Amino acid sequence: MQIVRAWAPVAITLAILAVVNVLLPSLNEDYRVHVLLDVGINVMLAVSLNLVNGVTGQFSIGHAGFMALGGYTAAFLSIRLAAYQLHGVPDAVSQGLFLVLALVVGGMVAALAGLIVGLPSLRLRGDYLAIVTLGFGEIIRVLIENTEAVGGARGLSNIPPWAGFFAVYAGVFVTLLCSRRLLASTHGRALLAIREDEVAAEAMGVNTVGYKVRAFVVSAFFAGIAGGLYAHYQTNLAPKSFTFIRSIEIVVMVVLGGMGSISGSVLAAVVLTLAPELLRALDQYRMASYGLMLVLLMLARPSGIFGTREIWELWPLRKKSKPDVDRELARPAGSP
Amino acid sequence: MSEFFQHLVNGLSLGTIYALIALGYTMVYGVLKLINFAHADVFMIGAYTGLFSARAIGGEGEGSYARAGAVLVISMLVSAGLGMLIERLAYRPLRARPRLTALITAIGVSFFLENGAQLLWSPDPRRFPRLFESHTFFLGNTAISSMQIIAFLVAVAMMAGLQYLVFRTRFGLAMRAVSFEPSTAALMGVPVDRTISITFAVGSALAAGAAILFGLQYPRVEPFMGLMLGLKAFVAAVLGGIGNVPGSMVGGLVLGLAEEFVAGYGLSSYRDAVAFAILIAILILRPEGIFGRSVAEKV
């Protein structure tokens, strides 16, 4: 019974996704579906970055680099896999398995990069770590630009179009599920402790070094998966889509939604992806307003709109009170 | 061998520009412990100001040293004002907040300036005007332009001026006091707000100076020109020991030379990665930089 109860939500969600997938018009004919998939990818990126920036309080601004690594690795693999076919199973199943394989390998490569980026965080804090993540992101982009095997600066095309609505939103679901479960676990509590006060956490016996690196690895893994999915519905990749600017877009989503709020990140990712699509006239001002938004948010509400709370913990929906961590987050540096 | 000297000359001339920008990072980091991401964009605005003021002062081609000097001064003044404005509006209200807040704000200001400039002046690159006639000299087979020599001399003069300002004047003393311990400095009668404001002004003026010198040698101005240059200059500051004025100068020169030599000897496409590789190496091996002293983290 326990197993049924644990896996029932997963099965139900996947079933719903499958039904919606059938009802949706096919990908290449419908612009709206494409936007929907963009939303999904951004949700995955924002939620995964939130694990590092929001939950652990280690500021990373090179997320696009992990996304690029995952995307390119998965695409490189699946272009080769596309020549084969599993015997005795329908095409769709065989493609699905190949896609999962490519995504997982892409995610692993990104996670490995996350490990490498996470290691300097043993010694660095705050601003320095931010610059190092930025540097790593840029190095990854330069390396991809100089690798002829993945098309260099021209980009990589003819990626098999294996990812549709179902694949992307299954990815979103798994990302959400994992971050939610992680936050509720001992590991998640340790990460929160590091954000609140690293020295105190260390003194309480939390292995801060290990947990910070783990947060980077998990975050990079999901960014890599998101990159892989992105590659398989765009069907082409270019190094210039993974610049510093892309990383900042994701940072804005995390900061706006709330530093540590999963549902906040989701909401911000949805709103910030849809707004420019719905209001075409705004698109011109989008990037400049992102900068202004960061500044105004930090002046008015430094922990983001939802702070560390989840949306269902807010006033009309809240059942029981929770200590106000927002105020704690905003306390002056250096105060005990 | 002549090739080697050519790279040496080019590297030095690029390095002085990095050094000038790095000084701005280092000064602000010294007083506020903040990486002022927007510094690179003050550099960009300085370049645009130079471009527009050169056009306003005189037509294309009829260059003179007086005109170059006027453009330099105007650009430095405008950038100094911008730097003070950014500090007043964005950073001062946050000074008591955690450093992460200030860092995100700095990224926000930078993003706003870059994209605001793109809205105002379009993303297309523009040509920086020739402010004066440049002649090329040959030492053996090594080409050196009078532009490079003048740029180098102006940069050295600016650095010497800064060195004097920081170590020989009352303002410099105040700046060092604030950098050491702001609350005690305030108790001793140092006007902390004004000192920080002037620090931003001086750093921003140096960035504008670097922008004009850069524009003379690489005549291409665009809204995102500060991004990569600023990051490299920051690496230069870290390399030398951030917060350390002479260290930043040396860091800038080392970085400029490293980049020119990597690019010159067949790895030009990895040019942009050199700085970051150096950064990661230095942070892992010697995080306090070449000239920095390691400081224990305050609890």
Is the C-alpha gyration tensor of region A:1-65 telling us rounded, prolate or oblate? Criteria: a/c under 1.5 is rounded; beyond that, a/b larger than b/c is prolate, otherwise oblate.
oblate
Exposure of B:LYS33 as accessible area (Å², to 10), given a probe of 1.4 Å and all protein chains:
80
If each of B:SER145 and A:ALA200 carries a label point 7 Å out from its Cα toward its Cβ, how far apart are those two points in nm?
5.9
Listed by chain and number, the aspartates and glutamates with an alpha carbon less than 18 angstrom from that of A:LYS240, same-chain partners under 8 positions apart left out, are A:ASP38, A:GLU138, A:GLU145, A:GLU148, A:GLU249, B:GLU114, B:ASP124, B:GLU222, B:ASP272
Testing the spin-label approximation: label points 7 Å from Cα along Cα→Cβ at B:ARG220 and A:ALA92. State their distance in nm.
5.0
Can you list residues from other chains, or at least 5 along the same chain, whose modelled amide H is less than 5 Å from the amide H of A:GLY307?
A:MET259
Using a 1.4 Å probe, how large is the accessible area of B:ILE198, given in Å² and rounded to the nearest 10?
60
Inter-site label distance for A:ALA11 and A:GLU277 at 7 Å from Cα along Cβ, in nm
3.2
Please list, by residue number, every one of the chymotrypsin sites (Phe, Trp or Tyr not before Pro) in region A:44-146 that is coil in DSSP and has at most 13 other beta-carbon atoms within 10 Å.
A:TYR84
For region B:47-136, which GluC sites (Glu not before Pro) are in a loop by DSSP, counting at most 12 other Cβ atoms within 10 Å?
B:GLU60, B:GLU62, B:GLU133
Derived scalar couplings ³J(HN,Hα) [region A:159-164; Karplus, 6.51 cos²θ - 1.76 cosθ + 1.60; whole Hz; x for Gly, Pro]:
6, x, x, 8, 9, x
Show me you know the interface measure: the accessible area buried between B and A, both chains summed, probe 1.4 Å, in Å² to the nearest 100.
3900
So which GluC sites (Glu not before Pro) in region B:220-299 pass both tests, a DSSP loop state and at most 16 other Cβ atoms within 10 Å of the Cβ?
B:GLU297
Using 0.36 nm per residue of separation minus the Cα-Cα distance, give me the extension gain between B:ARG92 and B:SER64 in nm, one decimal.
6.0 nm
Helix A:165-184 versus the longest principal axis of chain A: what angle, 0 to 90°, nearest 10, using Cα atoms?
30
Given the DSSP H assignment, sum -39500 (n - 2.57) over each helix run of at least 4 residues in chain B and divide by its residue total; what's the result at 222 nm in deg cm²/dmol, nearest 500?
-24000 deg cm²/dmol
Once A:LEU279, A:LEU292 are ranked on solvent-accessible area with the largest value leading and a 1.4 Å probe, the list reads A:LEU279, A:LEU292
Return the carbon/sulfur percentage of the accessible area of chain B, one whole number, probe 1.4 Å, all protein chains in place.
67
Given H placed on each backbone N at 1.01 Å, which residues far from B:ILE290 in sequence or on other chains put an amide H within less than 5 Å of it?
B:GLY240, B:GLY241
Keeping all protein chains in the complex and leaving out DNA, RNA and ligands, what accessible area do you get for A:TRP162 with a 1.4 Å probe, in Å² to the nearest 10?
40
Relative contact order (percent) for chain A, with alpha-carbon contacts under 8 angstrom and 6 or more residues of separation?
29
Once you've got the GNM for chain A with C-alpha springs shorter than 10 Å, pick whichever of A:ARG309, A:ARG214, A:ARG32 has the biggest mean-square fluctuation.
A:ARG32
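Normalised by the residues of chain B, what does the relative contact order come to in percent, with Cα pairs under 8 Å and at least six apart?
This gives 36 percent for chain B.
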Angle, helix B:245-262 long axis vs. longest principal axis of chain B, Cα atoms, 0 to 90°, nearest 10?
40
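For region B:34-106, what is the relative contact order in percent, using Cα pairs closer than 8 Å and at least 6 residues apart in sequence? It would help to have the intermediate numbers written out before the result.
Details: 44 pairs, mean separation 33.0, N = 73.
Dividing the mean separation by the residue count of region B:34-106 yields 45 percent.
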For the protein assembly as shown, state the semi-axes of the equivalent ellipsoid (square roots of 5 times the eigenvalues of the alpha-carbon gyration tensor), sorted largest first and rounded to whole angstrom.
44, 30, 22
Helix A:63-81 versus the longest principal axis of chain A: what angle, 0 to 90°, nearest 10, using Cα atoms?
20
For chain B: Kirkwood Rh in Å [reciprocal of mean 1/r, alpha carbons]:
19.6
Of B:THR16, A:THR13, ordered by accessible area with the largest first and a 1.4 Å probe, the sequence is A:THR13, B:THR16
Using only the alpha carbons of chain A, determine the length spanned along each of the three principal axes and report them from longest to shortest in whole angstroms.
63, 51, 47
Sort B:HIS39, A:HIS34, B:HIS7 by heavy-atom solvent-accessible area, probe 1.4 angstrom, most to least.
A:HIS34, B:HIS7, B:HIS39
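The values are calculated or read from the model by the stated rules, or taken from the named source; none is laboratory data. Because the structure is predicted, anything quoted here is derived from the model rather than measured. Quick reminder, even Gly has a Cβ in these numbers, built from the backbone with ideal geometry, and neighbours come from all protein chains shown. For accessibility, only protein heavy atoms count, side chains too; no ligands or nucleic acids. Shrake-Rupley method; radii C 1.70, N 1.55, O 1.52, S 1.80 Å.
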